[in-house]
Ligand SMILES: [Zn+2]
């Protein structure tokens, strides 16, 4: 059994659930129509009190997004962002 120690980033409720989703990412605007959609399967947290949900992409998925952004807008693929912890659970 695992118990999540996450809490909602909006209302602070501990009544959240971690799920896996499938999502198709598109870049905005007319320029974004020229890029292929990117299918990802992020770990997602949903607040069962206020409905806020947030997701975390795996490293390979982030690379796909960075590469597509670079191809579309000419932004360098490199990033200095520090990855956040994917899951914070206490195992019993
Ligand atoms: Zn909430």
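Laboratory data are not the source of any read-out in this text; all were calculated from the coordinates shown. These figures come from a predicted structure and were not determined experimentally.
For segment 30-69, what's the relative contact order in percent, using C-alpha pairs closer than 8 Å and at least 6 residues apart? It would help to have the intermediate numbers written out before the result.
Numbers: 24 pairs, mean separation 13.9, N = 40.
35 percent.
Just need the relative contact order of segment 1-77 here, percent rounded to a whole number, with Cα pairs under 8 Å and 6+ apart.
Numbers: 108 pairs, mean separation 19.0, N = 77.
After rounding, I find 25 percent.
For residue 13 and residue 72, calculate 0.36 nm times their separation in residues minus their Cα-Cα distance, and state this gained length in nm to one decimal. Don't jump to the answer; show the numbers that get you there.
Details: separation 59, 0.36 × 59 = 21.24 nm, distance 3.86 nm.
Gain in length upon complete extension: 17.4 nm.
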